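> This is the structure I have questions about; it appears just below.
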Amino acid sequence: MCPETGRARLSYRRAEEIFEESTRLLANPLASPEDIEDLDGWTLHRLRHSALTHDAEDGTSTPMLLARSRHASVRSLERYARPGVDSVVRHVAERDPAARRRT
């Protein structure tokens with residue numbers, strides 16, 4: 001129970017169920033609403049992957065990613081923070097010394 005509101009708190013498991021059920025059609029845009037019971041939605045764990053990937057793409061340092069994700073090693077973090085090709089190209093272009101001299 002929440003001491004401030006007196007309401008029951010939502011467990012992680014129940015939040016996961018609600019989120020997964022609510023995202024079934026979003027995760028399967030070509031599916032028919034009639035098939036919703038047979039579909040899988042997104043998970044809260046997938047949100048964790050996405051958040052870490054977006055942070056890595058935005059240039060968040062490895063120590064900060066490790067601290068935020070509570071991973072003990074860079075190797076385990078690698079499974080989560082996987083910047084896309086466009087992000088890597090942007091990163092390289094922003095740090096190209098020749099490009100900096102031209103501006």
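> When all protein chains stay in place, what accessible area (Å², nearest 10, 1.4 Å probe) is found for E78?
The accessible area comes out at roughly 110 Å².
> For the chain, give the magnitude of the charge dipole about the Cα centre (Cβ charges: +1 Lys/Arg, -1 Asp/Glu; no others), in debye to the nearest 20.
The calculation lands at about 860 debye.
> Here's another thing I want to ask about it. Compare the Cα positions of T62, S73, P97 along the charge dipole of the chain (+1 at Cβ of Lys, Arg; -1 at Cβ of Asp, Glu; about the Cα centre) and return the one farthest towards the positive end.
Farthest towards the positive end: P97.
> Just flag the trypsin sites (Lys or Arg not before Pro) in the stretch 6-103 sitting in loop per DSSP whose Cβ has no more than 16 other Cβ atoms within 10 Å.
The qualifying sites are R7, R9, R70, R79, R95.
> Sorted from largest down, give the three principal axis spans of the alpha carbons of the chain, whole angstrom values.
Answer, in whole Å and largest first: 58, 42, 28 Å.
> Give the separation of the Cα centroids, the stretch 13-28 to the stretch 47-63, in Å.
23
> If you don't mind, there's one more thing I want to ask. What does the extension gain come out to for T5 and S73, with contour length at 0.36 nm per residue minus their alpha carbon separation?
20.6 nm is the gain from fully extending T5 to S73.
> Ok, one more. Please state the relative contact order of the chain as a whole percent: Cα pairs under 8 Å, 6+ residues apart?
Computed over the chain, the figure is 18 percent.
> Tell me what the chain gives for mean residue ellipticity at 222 nm when only DSSP H runs of n ≥ 4 count, each as -39,500 (n - 2.57), the sum divided by the residue total, rounded to 500 deg cm²/dmol.
-15500 deg cm²/dmol, from helical runs alone.
> Report, to the nearest 10°, how far helix 44-57 tilts away from the longest principal axis of the Cα atoms in the chain, using its own Cα long axis and a range of 0 to 90°.
10
The values are calculated or read from the model by the stated rules, or taken from the named source; none is laboratory data. Not measured: the values here are computed from a predicted model. All Cβ positions, glycine included, derive from the backbone under ideal geometry; neighbour counts span all protein chains shown. Keep in mind that these areas ignore ligands, DNA and RNA; they rest on the heavy atoms of the full protein, side chains included. Shrake-Rupley method; radii C 1.70, N 1.55, O 1.52, S 1.80 Å.
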